[in-house]
Amino acid sequence: MSLSPATSPENPRLGLAPPLAPGGAGVPVLWLGVNVALVALLFGGRFAQLVGVWLKDPNYSHGFFVPLISGWLAWRYLEKAGRPGAGEVGPGVASLVAGCITHLFAVTLGLAVIDFIALAMVLRGLAVCVGGRPWASGFTFPILFLFFMFPLPGLLTAMAALWLQNWVSACSAAVLELFTVCYRRGHSLLLAGVNEPLVVAAECSGLRQIVAFVALGALIGYLGLRTGWGRTLLLLAAVPVAILANVTRVLLMAAGAIFFGTGWLSGWLHTAPALVTLPLGLALFGLVAWGVSSLEGKPASAPPCPAGKSVTGTEAKP
C-alpha cells in the first residue's frame, strides 16, 4: 500500500507541525535569548528578592524548582509544536506594554504577586510576537505555573495559617480524647500526665504542604488528567490531605510527650515527626491523584476505520 497525498505526513492539512530541524533551531534559540534578556532586565531585582524569600521562608522553599519545571514544560511544548508560524506584532506588543505598566505598579505597591501578572503578560507578549496567538497559547500553562514561585501577601498567609491551626488543633484534640484526657485551649493541648501544654504552632498548620501540594496537583492535572472537574478536585484535595498529615504529626508529638516527656520537643528532635508525615502526605496525595484519574476513566476510543478506507476517509490505494 502507498499513502495518498491527503494522508502524507508532510501534508499541512493534517495539522501536524514540522519537527524542529537542526537548521531551523535558530528561531527558537533567538526567541529564548530575547526572553531571557528582557525578563532579566525587567525582573532581575524581583528574582533576587524571591531567592531571599525561598531561602528564609519554608512555605516557599519549593520556589527553586518552579522555574525549572516551567522551563521544562515550555521546551516540551516547543519540541512538539515545531517552528513558530507568523508572528503577530500588534497583539504581542500590546501585551508587552501592559506587562511593563503592571510591573511598574507592582514595584510601586511592593506586592510581589502583582509582578507575576506582569511577568505573565511579558512572556505571553513575546511568544505572540514570535509565533502568533495560536502558537503562543501552548505556553499558557508553563507561564501560569510560575505563580507558585511568588509569595502570597503576608496578611493572607497569616489568616490561612491561623485557620489551619484551628482545624489541626481541633482534629488532634478530638482524636486524643479517644485515648487519654485532653483539654484544648486555643492552639494548646493539655494532656493528662504531661506537665507542659503541647502547642500547635504555625509550623504544624499545614500551610507549607498545601502550597506544595497545590503546585504538585496543578502539574499532575496538566500532565495526567483530562477533565476540568478532575483537576479541580485534585487541587481541592490539597487542603484535607495537608490537614490530615499535620494531625498525624501532632499525634506523634503527643505520644512522644506522654511516654518520654516534653524535653525533646525543644531540641532538634522537634522536627523528627515531619520525617514521617511529609512522605505520608505525598503518598496520600498520590493516592488521591490515582483515584481521580480512575474516576475519569479511559478516553473514548475512535470508531474502527471501515475496510478499504484510510484515516482521512479516502479510498486506500493498493
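The values are calculated or read from the model by the stated rules, or taken from the named source; none is laboratory data. These figures come from a predicted structure and were not determined experimentally. Don't worry about glycine lacking a Cβ; one is built from the backbone with ideal geometry, like all the others, and counts go over all protein chains shown.
The conditions are (1) in contact with a Gly (Cβ under 9 Å, 6 or more places away or on another chain); (2) surrounded by fewer than 15 Cβ atoms within 10 Å (Cβ to Cβ); (3) under 28 Å from residue 219 (Cβ atoms), and residue 153 fails exactly one of them. Which is it?
Result: residue 153 fails condition (1) only.
Please verify whether region 188-200 includes one or more residues that are under 24 Å from the mean Cα position of the chain (by Cα), surrounded by fewer than 21 Cβ atoms within 10 Å (Cβ to Cβ) and not assigned by TED's automatic domain parsing to the domain that holds residue 113.
Restricting attention to region 188-200, the residues satisfying the condition of being under 24 Å from the mean Cα position of the chain (by Cα) are none.
No: region 188-200 contains no residue that is under 24 Å from the mean Cα position of the chain (by Cα), surrounded by fewer than 21 Cβ atoms within 10 Å (Cβ to Cβ) and not assigned by TED's automatic domain parsing to the domain that holds residue 113.
For residue 143, work out the one condition from (1) within 22 Å of residue 50 (Cα to Cα); (2) assigned by TED's automatic domain parsing to the domain that holds residue 279 it doesn't fulfil.
(2)
Can you spot a residue in region 76-89 that is closer than 26 Å to residue 51 by Cα and either free of Cβ contacts under 8 Å to residues at least 60 places away in the same chain or of a type outside the set (A, V, I, L, M) (or both)? Walk me through how you get there before you give the answer.
The first filter runs over region 76-89 and keeps only residues closer than 26 Å to residue 51 by Cα, leaving 76.
Restricting the remaining residues to those that are either free of Cβ contacts under 8 Å to residues at least 60 places away in the same chain or of a type outside the set (A, V, I, L, M) (or both) gives 76.
Checked region 76-89: at least one residue is closer than 26 Å to residue 51 by Cα and either free of Cβ contacts under 8 Å to residues at least 60 places away in the same chain or of a type outside the set (A, V, I, L, M) (or both).
Given the condition in contact (Cβ under 8 Å) with a residue 24 or more places away in the chain, under 14 Å from the mean Cα position of the chain (by Cα) and more than 30 Å from residue 158 (Cβ to Cβ), answer yes or no: does some residue in region 49-63 qualify?
The answer is no; no qualifying residue exists.
Please identify the pairs in which a residue from region 168-182 that is polar (S, T, N, Q) has its Cβ atom under 6 Å from the Cβ atom of a residue that is surrounded by 14 or more Cβ atoms within 10 Å (Cβ to Cβ) and part of a loop (DSSP other than H, G, I, E, B), counting only partners at least 6 apart or on another chain.
Every condition considered, the pairs that remain are 169/187; 169/200.
Restricting to region 55-106, and then to whatever is crowded, with 16+ Cβ neighbours inside 10 Å, within 17 Å of residue 213 (Cα to Cα) and among the hydroxyl-bearing types (Ser, Thr, Tyr), can you tell me which residue is modelled with the highest pLDDT?
70
So which residues in region 89-128 are among the hydroxyl-bearing types (Ser, Thr, Tyr) and either in contact with a strand residue (DSSP E or B) (Cβ under 6 Å, 6 or more places away or on another chain) or farther than 16 Å from residue 140 by Cβ (or both), if there are any at all?
Going through region 89-128, the residues among the hydroxyl-bearing types (Ser, Thr, Tyr) turn out to be 95, 102, 108.
If the condition is that a residue be among the hydroxyl-bearing types (Ser, Thr, Tyr) and either in contact with a strand residue (DSSP E or B) (Cβ under 6 Å, 6 or more places away or on another chain) or farther than 16 Å from residue 140 by Cβ (or both), then 102, 108 are the ones that fit.
Which one of these does residue 123 not meet: (1) surrounded by 22 or more Cβ atoms within 10 Å (Cβ to Cβ); (2) in the same structural domain as residue 49 (by TED's automatic domain parsing); (3) farther than 21 Å from residue 64 by Cα?
For residue 123, the exception is condition (3).
Select from region 296-318 the residues that are modelled with pLDDT of 75 or more and surrounded by 12 or more Cβ atoms within 10 Å (Cβ to Cβ) and list them in ascending order.
Step one: of region 296-318, the residues modelled with pLDDT of 75 or more are 296-297.
Matches in region 296-318: 296 only.
Only one residue in 249, 184 is assigned to a helix (DSSP H, G or I), charged (D, E, K, R) and surrounded by 15 or more Cβ atoms within 10 Å (Cβ to Cβ). Which one? Please lay out each step first, then the result.
Numbers: 184 fails: assigned to a helix (DSSP H, G or I).
Result: 249 is the single residue among 249, 184 that is assigned to a helix (DSSP H, G or I), charged (D, E, K, R) and surrounded by 15 or more Cβ atoms within 10 Å (Cβ to Cβ).
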